[in-house]
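Colleague: Next up is a structure, given as structure tokens.
What follows draws every value from the coordinates through simple rules; no lab data is involved. Since the model is a prediction, treat every value here as computed from it, not as a measurement. All Cβ positions, glycine included, derive from the backbone under ideal geometry; neighbour counts span all protein chains shown.
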Amino acid sequence: MVEEMICLRCPNGCHLTVTGEAEGNARVAGNRCEKGLAFARQVLGGRSPAGSLRHFVSTEKKDYDPGTLGQVVALWGMEFAQVRRHLMPEGSPERTLFRAVVEDTAGGLWTVEEIVPATYLTKMRIVRTLEVLSREGMPGVLPYRKGLDGEYLQSFRGGLWQMVPFIPGERLDRALYLYEGWRARPLASFLIELRKRSGALTFLDHDVPFSMNSYIDRLIGQIERNRPAIVPRVLRVTQFLEAGLYRDMDRIPVHFSHGDFHPLNVIWGKDDVRAVIDWEFLGLKPEIYDTCNMLGCLGIENPDSLMRDLSVGFVTDLKRAGIFAPVSWTRLVDHIVALRFAWLSEWLRKRDEEMVEMELDYMDLLIEHRTDLMASWGLD
């Protein structure tokens, strides 16, 4: 038995993997603190498909002593002072083997991370992208620091390390931020600036743009083989897309996108965006991609928020900027629906039946209220 979940005990949102073992034991991996162990125990204790799990233990987490971290930091030409363990870097912890905030003797704060070697090419694309955007004057990006040898990724004892400035931020109130209209302007401004300054990312020119309909078609094939019970519901959604979005996909311009743009991937100041993080899915995509991902993430939290100040203001500012083709706006809701297939895929992979049902219900809701949504955004 293997179950995966996101810990909700603290803002870290650790990705937990719980593996059932003999005699009612379970091993928890991915937690950065003991709260993850307690969360897994509360959620799974007594209701595992493999039977009752009574004893939960935490897989030993990778850690480094200050002396070792001092040697790592020295690769960037800095003198180590201390680990600031009470400071938690923003972003997804499961994408690294280890990370911590360290302070140098000059008082600077840095996030040091050991990365999975298999992610080297992905990390280098991110590093290069942020380097170029920063050089172009793009606000809200955190370029990585070069080591003494001029390279961004440093080797140490067989591992790969990277370093980026640590930027503290204001925590989002998960119950309130959906309705805080002031956040619309800085979020829209970031995408507007990204559109203006991403033309310098010429090293991406030969990439094959992301194809939404090809992605969905592949996923449908997997669902037909592995989850035939939900095929009728899924096909109703694809019929909606075939009648609209798919007919216009070739006319929607392709541009560089962050790939996972939403408020939880932002380091917030009191009234602005300090930085945008988690660029793992960057690339050439339909120009409306980031906008749709942002709106889709607001709506899954509470569909009512899609017609409130944050969503409406966000769309209004982007329309005023004139950066998208008319056809992109015409198919805005359709594209939001299409993007939810990526989330559906995630819930299916994790075998989270509750979230699978929620995602399918959300797609149906978006389709049913397409006209109302377009009207509330001034797109009717």
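Colleague: Would you calculate the convex hull of the Cα atoms in the stretch 66-165 and tell me its volume per residue in Å³? Each step should come with its number before you reach the end.
Modeller: Working: hull volume 10.7 nm³, N = 100.
Value for the stretch 66-165: 107 Å³ per residue.
Colleague: Still on this model: Is the shape of the stretch 177-246 best called rounded, prolate or oblate, per the rule: a/c under 1.5 gives rounded, else a/b larger than b/c gives prolate, else oblate, with a ≥ b ≥ c the square roots of the Cα gyration tensor eigenvalues?
Modeller: Judged from the Cα gyration tensor, the stretch 177-246 comes out oblate (a/c at least 1.5, b/c at or above a/b).
Colleague: Counting other Cβ atoms within 10 Å of each Cβ, which trypsin sites (Lys or Arg not before Pro) in the stretch 223-281 have at most 15 and sit in a DSSP loop?
Modeller: Lys270
Colleague: Next question. For the chain, what does -39500 (n - 2.57) per DSSP helix run (n ≥ 4), summed and divided by total residues, give at 222 nm, in deg cm²/dmol to the nearest 500?
Modeller: -12500 deg cm²/dmol
Colleague: Roughly how many debye, to the nearest 20, is the charge dipole of the chain about its Cα centre, given +1 on each Lys and Arg Cβ, -1 on each Asp and Glu Cβ, and no other charges?
Modeller: Details: 46 positive and 53 negative charges, 62 e Å.
The calculation lands at about 300 debye.
Colleague: In what order do Glu280, Glu224 fall by count of nearby beta-carbon atoms within 10 Å, going from fewest to most? Walk me through the numbers before you get to the answer.
Modeller: On the way: Glu280 16, Glu224 13.
Final ranking by Cβ density, sparse to dense: Glu224, Glu280.
Colleague: Return Glu368, Glu180 ranked ascending by Cβ neighbour count within 10 Å, so the fewest neighbours appear first.
Modeller: On the way: Glu368 10, Glu180 14.
Ranked by crowding around the Cβ, least crowded first: Glu368, Glu180.
Colleague: Something else: Give the separation of the Cα centroids, the stretch 222-246 to the stretch 187-220, in Å.
Modeller: Measuring centre to centre over Cα atoms gives 24 Å.
Colleague: Then there's this: Pick from Pro66, Pro165, Pro286 the residue whose mean-square fluctuation is largest in a GNM of the chain, springs joining Cα atoms under 10 Å.
Modeller: Checking each option, the largest mean-square fluctuation is seen for Pro66.
Colleague: What distance in nm separates the two pseudo spin-label positions at Asp149 and Ala321, each 7 Å out from Cα along the beta-carbon direction?
Modeller: Taking the two extended label points, one gets 3.9 nm.
Colleague: If you keep only loop residues by DSSP, which GluC sites (Glu not before Pro) in the stretch 99-169 have at most 16 other Cβ atoms within 10 Å of their Cβ? Don't skip to the end; give the middle numbers.
Modeller: Details: sites: Glu103, Glu113, Glu114, Glu131, Glu136, Glu151; in loops: Glu136, Glu151.
Counting only loop positions with at most 16 other Cβ atoms within 10 Å, the GluC sites (Glu not before Pro) in the stretch 99-169 are Glu136, Glu151.
Colleague: Which of the trypsin sites (Lys or Arg not before Pro) across the stretch 149-203 are loop residues per DSSP, with 15 or fewer other Cβ within 10 Å?
Modeller: Those satisfying the criteria are Arg157, Arg171, Arg174.
Colleague: Now a separate question. With labels modelled as points extended 7 Å from the Cα through the Cβ direction, what inter-label distance (nm, one decimal) is found for Met307 paired with Arg236?
Modeller: 2.1 nm
Colleague: A further question follows. What is the stretch 248-380 by shape, rounded, prolate or oblate, if you read a ≥ b ≥ c off the alpha carbon gyration tensor as root eigenvalues and call it rounded for a/c under 1.5, prolate for a/b larger than b/c, and oblate otherwise?
Modeller: Numbers: a/c = 1.28, a/b = 1.11, b/c = 1.15.
Rounded shape, in that the Cα axes give a/c under 1.5.
Colleague: Among the aspartates and glutamates, select those whose C-alpha is under 16 Å from the C-alpha of Lys146, and discard any that sit fewer than 8 residues away in the same chain.
Modeller: Result set, ordered by chain and number: Glu79, Asp104, Glu113, Glu114, Glu131.
Colleague: Here's a follow-up. Which of Leu121, Leu187, Leu16 moves the most in a Gaussian network model of the chain with Cα springs under 10 Å?
Modeller: Result for the chain, Cα springs under 10 Å: Leu121 fluctuates most.
Colleague: Could you tell me which of the pairs Lys196/Lys350; Lys270/Lys350; Lys123/Lys196; Lys123/Lys350 are separated by over 28 angstrom between their Cα atoms in the structure shown?
Modeller: Long pairs (Cα-Cα over 28 Å): Lys196/Lys350; Lys270/Lys350.
Colleague: Next question, about the same structure. Would you order Ile267, Ile216 from fewest to most other beta-carbon atoms within 10 Å of each residue's own beta-carbon?
Modeller: Details: Ile267 19, Ile216 22.
Ascending Cβ contact count within 10 Å gives the list Ile267, Ile216.
Colleague: Given labels modelled 7 Å from the Cα in the Cβ direction, how far is it in nm from Arg157 to Glu180?
Modeller: 4.0 nm
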